1. Could you please let me know if residue 212 is surrounded by fewer than 17 Cβ atoms within 10 Å (Cβ to Cβ), within 18 Å of residue 125 (Cα to Cα) and within 20 Å of the chain's Cα centre (by Cα)?
2. So which of 145, 116 is more than 14 Å from residue 215 (Cα to Cα) and part of a helix (DSSP H, G or I)?
3. Considering each of 207, 212 in turn, give the residue that is more than 11 Å from residue 138 (Cβ to Cβ) and assigned to a helix (DSSP H, G or I).
4. I'd like to check something: does the stretch 53-73 contain any residue that is buried (at least 18 other Cβ atoms within 10 Å of the Cβ) and either within 23 Å of residue 139 (Cα to Cα) or modelled with pLDDT under 55 (or both)?
5. Somewhere in the stretch 95-107, is a residue surrounded by 14 or more Cβ atoms within 10 Å (Cβ to Cβ), in contact with a helix residue (DSSP H, G or I) (Cβ under 7 Å, 6 or more places away or on another chain), part of a loop (DSSP other than H, G, I, E, B) and outside the structural domain of residue 35 (by TED's automatic domain parsing)?
6. For the stretch 149-171, state whether one or more residues are surrounded by 13 or more Cβ atoms within 10 Å (Cβ to Cβ) and either at pLDDT below 95 or closer than 30 Å to residue 93 by Cα (or both).
7. Just to be sure before I move on: is residue 178 in contact (Cβ under 8 Å) with a residue 24 or more places away in the chain, closer than 24 Å to residue 193 by Cα and not in a helix (DSSP H, G or I) in the structure I sent?
8. Any idea which of 86, 78 is within 26 Å of residue 154 (Cα to Cα) and either surrounded by 15 or more Cβ atoms within 10 Å (Cβ to Cβ) or outside the structural domain of residue 45 (by TED's automatic domain parsing) (or both)?
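The values are calculated or read from the model by the stated rules, or taken from the named source; none is laboratory data. What you see is a predicted model; the values in this text were computed from it and never measured. Ideal geometry is used to build each Cβ from the backbone, glycine not excepted, and the neighbour counts take in all protein chains shown.
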């Protein structure tokens with residue numbers, strides 16, 4: 001019986017890791033499990049954190065990869081936030097190309113998951129900021145916001161989570177705002193109205209937004225030389 005219960009617990013830990021609240025299922029952003037199956041994984045993650053704090057970055061990266069390998073071999077289901085721990089480690093270790101490749105792998109594996117894509121693009125924006133490239137971070141911030149709206153739309157229309165309707169409405173209404181800080185960092189304050197116009201135009205076809213077109217238009221905008 002104990003074996004059956006353990007197998008059931010593993011089976012229900014989905015990619016999102018779900019929990020019950022107010023009569024429906026909600027997202028949990030990170031894996032928090034204390035079963036025997038996760039014990040070695042958790043220990044490896046803790047060792048990786050300790051190595052990072054001690055300044056042993058290469059060893060921290062390898063320990064984190066070892067944790068992911070353990071999860072794969074045991075068939076453990078992790079959230080996207082668990083996998084997003086690696087790029088900052090790689091960046092601190094001076095392995096930016098490898099980190100960016102990791103982001104792209106996560107994008108491909110999360111292609112049908114707008115909430116996860118929102119988190120990935122948000123971290124990509126922060127990554128670019130740490131690279132002192134805030135101009136390139138602008139588009140990732142916008143993509144993160146758009147995918148968040150798409151995720152809310154999916155929850156409301158496909159999953160029936162009607163209590164998310166107010167958040168979806170606010171997301172759509174305010175999606176053109178909130179980029180002042182990153183625009184200032186990029187020295188692009190003069191582009192705020194142009195960015196708002198691009199976002200508003202693409203939101204007219206929501207939820208059928210063509211993200212490559214959004215990226216194209218933002219890249220064109222930030223490449224313009226101010227008069």
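1. In short, yes.
2. After applying the criteria, what remains is 116.
3. On the way: 207 fails: assigned to a helix (DSSP H, G or I).
Exactly one residue qualifies, and that residue is 212.
4. No, the conditions are met nowhere in the stretch 53-73.
5. no
6. Looking for residues that are surrounded by 13 or more Cβ atoms within 10 Å (Cβ to Cβ) and either at pLDDT below 95 or closer than 30 Å to residue 93 by Cα (or both), one finds none in the stretch 149-171, hence no.
7. Yes: the conditions hold for residue 178.
8. Numbers: 86 fails: within 26 Å of residue 154 (Cα to Cα).
After ruling out the rest, the residue left standing is 78.
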